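First the structure, in the form of structure tokens, and then the observations on it.
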Amino acid sequence: MADPNVRPLGDRVLIKALEEKEVVRGGIIIPDSAKEKPQEARVVALGSGKRDEKGEKIPFEVKAGDRVLISKYGGTEIKIDGETYQIVREDDILGILG
């Protein structure tokens, strides 16, 4: 995956959805129209971070390259060089997958 040259602002995170597996057990092929929006993604870039009441930066809990679970309908979808990415707030990230 090439660097899309986009830097999110504030507590936002640029992510790339991971492809769902198209074939399930039993060999049934699921058409694109029947798939739900992916919930697994890879962190591509981080914003500058959120600030607390004293103006100090709060560090991100995720880092570039992390595989994460995201809120199903969170974020804004963007296209860069034909690739689809999402910009989400760190709060829309539900967890880091191991």
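Any read-out appearing in this document is the output of simple, stated calculations on the displayed coordinates, not a laboratory observation. What you see is a predicted model; the values in this text were computed from it and never measured. Cβ sites come from the backbone with ideal geometry, for glycine too, and all protein chains shown count toward neighbours.
Here are some notes:
- Here the Karplus curve 6.51 cos²θ - 1.76 cosθ + 1.60, taken at θ = phi - 60°, turns the phi angles of segment 47-58 into couplings of x, 7, x, 7, 10, 7, 4, 8, x, 8, 5, 9 Hz, with x standing for Gly and Pro.
- Neighbour counting of Cβ atoms within 10 Å sorts the residues ILE78, ILE70, fewest neighbours leading, into ILE78, ILE70.
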